[in-house]
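Okay, structure first, notes after.
The values are calculated or read from the model by the stated rules, or taken from the named source; none is laboratory data. Since this is a predicted model, take the numbers as computed values, not measurements. Cβ atoms come from the backbone with ideal geometry, glycine included; neighbour counts cover every protein chain shown.
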Amino acid sequence: MSLKNDPEAFYAKLKTQLEDTTKFPALYMYKFIVPSSDEKIKEVHQIFDNLGAVIDTKKSSKGTYTSVTITAKMKSADAVIEKYKEASQVEGIISL
């Protein structure tokens, strides 16, 4: 089974990589693609609401999707992964 089909294995590998390469607390950049719906974009904003995050959005050329880039100071690899898990609940979101 590939990591793509096994979220827990993916997150375990990501945690190891983050701990090996990052000294926390650290700024971490998330990149997502979401359907261009005010509701979906608002959901993503709410996930990162209490972190003092800088959030930039940019619509695709046809306006179908919106790129959302979020930079936030994260306390640990576990905190980074927790936000990815929360974001994965937004319908149609793609994590980059």
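Quick notes on this structure:
- Number of the condition not met by residue 67 [criteria: (1) in a strand (DSSP E or B); (2) over 13 Å from the mean Cα position of the chain (by Cα); (3) not acidic (Asp, Glu)]: (2)
- Of all the numbered requirements in (1) surrounded by 11 or more Cβ atoms within 10 Å (Cβ to Cβ); (2) closer than 27 Å to residue 21 by Cβ; (3) not charged (D, E, K, R), residue 89 misses one, and that requirement is (1).
- Whichever residue in the range 6-40 is of a type in the set (Phe, Trp, Tyr) and in a helix (DSSP H, G or I) and, among such residues, is farthest from residue 85 (Cα to Cα): 10
- First in the range 41-62 and closer than 14 Å to residue 80 by Cα, second anywhere and surrounded by 10 or more Cβ atoms within 10 Å (Cβ to Cβ) and of a type in the set (Ser, Thr, Tyr), Cβ under 8 Å, 6 or more apart: 48/30; 53/71
- On the stretch given as the range 1-48, residues that are modelled with pLDDT under 90 and charged (D, E, K, R) total 3.
- Flag if residue 86 is over 15 Å from residue 29 (Cβ atoms), among the charged types (D, E, K, R) and under 9 Å from the mean Cα position of the chain (by Cα): yes
- Any chance residue 81 is in contact (Cβ under 8 Å) with a residue 60 or more places away in the chain and exposed (fewer than 15 other Cβ atoms within 10 Å of the Cβ): no
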